[in-house]
Amino acid sequence: MAERILTGIKPTGQLTLGNYIGVLKHLPKEVDRGECFYFIADLHALTLPIDPEVLRQNSIDLACFYMAAGLDTSKVTLFLQSSVSAHAEMNAIMQNYLYMGELSRMTQFKDKSAKMKESAIGLGLFAYPVLMASDIILYDASIVPVGEDQKQHVELTRDLVNRFNNRYGDILTMPKPEMRKVGARIMSLSDPSKKMSKSDPKGDIFLKDDLAVIRKKIMSAVTDSGSEVKYDVENKPGISNLLTIYASLKDISIEEAEEEFVGYRYGDFKKAVADVVVNELEAFQKKYREILESKAYEKVLVEGAKKANEVANKTLNRVKKAVGLLSL
Ligand code: AQP
């Protein structure tokens, strides 16, 4: 069987440059390596309060963003998580094989719940990694492209697969998280100690931002003391983040990017970074608008759901049989 590649993005807010550089930009090329399943993780988006209309709009936007990144939709299966009920069924089974202790150690849960009152923390937020593991398992995915923050959840899925297979035989496929060498963690432009994140918009560049606004945001990004453009995350986190953005969009190494800016002042360096970002997002935004207006995403999502259901139901039946659930 060809390798299966799976990744999902939550429609929790407007996508950021972090989501783009960490994952989205690289997805079209994956078709050369295997069979690709990409989805809109709308069930995951319910783990924090979200307005229904906003969720609907974000989901449509996300479908358009996936397509605008250049996916060949005749080769990639693009679908809404909620269109495939096997995700919820697999979740109901797998929640019995992951433990409270493990889930409470997840960094993302700790970070997100730390900002909330205990009485407002939903079970879904706590059990988020169970659903994510179910997503991965259902498609027998061996490669899971993610940003750095999701690596821990894929590692937990690996533990689950080991545990399950030790008990029931060789039923589940072992997944592997795959991160970019450059750009797996893009930081906020206003506070480079924090990840650029959809749900924490301070210092974010949004993929839908006006190009002039993007330029302005980069020109006013926090920099560091000194004047040399050098990659040094500890002492120059702001400059290092901008170098990472530049290198990943130009598809070059950090060292190559550093060489380009020897002798540059911060202002000129920022202008070069802004040019690259604006250039990349200008074409991307144009495609996004065309897809949104033509509603080309509708047919793609309907067909994607058909294919995803076929594949997911096969795995679900295999798992049901393994654990002793009757299918009459
Ligand atoms: N700053 C980032 N740099 C690189 N990669 C990133 N990703 C997210 N932020 C960065 C990667 O994008 C993919 C989709 O993310 P997600 O929607 O599943 O949720 P997330 O990881 O929780 O991302 P956000 O933007 O921080 O969303 P919210 O604020 O809703 O939680 C993932 O592969 C992620 O690693």
Of residues in the range 1-14 being of a type in the set (A, V, I, L, M) and modelled with pLDDT under 95, the one nearest to the ligand (Cβ to nearest atom):
ALA2
Name the single residue, out of those in the range 81-138 being part of a loop (DSSP other than H, G, I, E, B) and within 15 Å of the ligand (Cβ to nearest atom), that is least open to solvent (accessible area, probe 1.4 Å).
MET106
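Limited to the range 41-60, what total is found for residues that are within 17 Å of VAL130 (Cα to Cα) and touching a Phe, Trp or Tyr at 6+ places or on another chain (Cβ under 9 Å)?
2
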Picking from ALA212, ALA247, the residue that is at pLDDT 95 or above, within 14 Å of the ligand (Cβ to nearest atom) and assigned to a helix (DSSP H, G or I) would be ALA247
Of residues in the range 259-292 being at negative phi and not in a helix (DSSP H, G or I), the one surrounded by the most Cβ atoms within 10 Å (Cβ to Cβ)
PHE261
Given the criterion in a helix (DSSP H, G or I), within 13 Å of the ligand (Cβ to nearest atom) and open to solvent by 20 Å² or more (accessible area, probe 1.4 Å), identify the matching residue among LEU43, LEU62, LEU48, LEU27.
LEU43
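Every residue, every condition in (1) surrounded by 15 or more Cβ atoms within 10 Å (Cβ to Cβ); (2) more than 16 Å from the ligand (Cβ to nearest atom); (3) on the phi < 0 side of the Ramachandran plot; (4) not assigned by TED's automatic domain parsing to the domain that holds THR12, yes or no:
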position: PRO177; (1), (2), (3), (4): yes, no, yes, no
position: SER190; (1), (2), (3), (4): yes, no, yes, yes
position: LYS198; (1), (2), (3), (4): yes, no, yes, yes
position: GLY203; (1), (2), (3), (4): yes, no, no, yes
position: MET219; (1), (2), (3), (4): no, yes, yes, yes
position: THR223; (1), (2), (3), (4): yes, yes, yes, yes
position: LYS230; (1), (2), (3), (4): yes, yes, yes, yes
position: GLU234; (1), (2), (3), (4): no, yes, yes, yes
Which residue out of LYS307, LYS295, LYS314, LYS321 is among the basic types (Lys, Arg) and either surrounded by 15 or more Cβ atoms within 10 Å (Cβ to Cβ) or under 22 Å from the mean Cα position of the chain (by Cα) (or both)?
LYS307
Looking at (1) of a type outside the set (Val, Ile, Thr); (2) open to solvent by less than 20 Å² (accessible area, probe 1.4 Å); (3) within 12 Å of the ligand (Cβ to nearest atom), which one does GLN152 not meet, given that it meets all the others?
(2)
Report every pair of residues separated by at least 6 positions or lying on different chains whose Cβ atoms are under 9 Å apart, first residue within the range 1-27 and of a type in the set (Asp, Glu), second more than 6 Å from the ligand (Cβ to nearest atom).
GLU3/ARG33; GLU3/GLY34; GLU3/GLU35; GLU3/ALA141; GLU3/SER142; GLU3/ILE143
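Within the range 177-200, can you find the residues that are part of a strand (DSSP E or B) and out of contact with any Lys or Arg (no Cβ under 8 Å at 6 or more places or on another chain)? Break it down stepwise before answering.
As a first pass, look at the range 177-200 and keep what is part of a strand (DSSP E or B): 177-178, 187, 195, 197, 200.
Residues satisfying the conditions are GLU178, SER197.
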Of all residues in the range 10-22 being crowded, with 24+ Cβ neighbours inside 10 Å and within 21 Å of SER134 (Cα to Cα), which is farthest from the chain's Cα centre (by Cα)?
PRO11
Of the residues in the range 30-40, those that are more than 30 Å from SER119 (Cα to Cα) and within 12 Å of the ligand (Cβ to nearest atom) come to TYR38, PHE39
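The values are calculated or read from the model by the stated rules, or taken from the named source; none is laboratory data. All values reported here derive from a predicted model rather than from experimental measurement. All Cβ positions, glycine included, derive from the backbone under ideal geometry; neighbour counts span all protein chains shown. These accessible areas exclude ligands, DNA and RNA; they are computed on the full protein's heavy atoms, side chains included. Shrake-Rupley method; radii C 1.70, N 1.55, O 1.52, S 1.80 Å.
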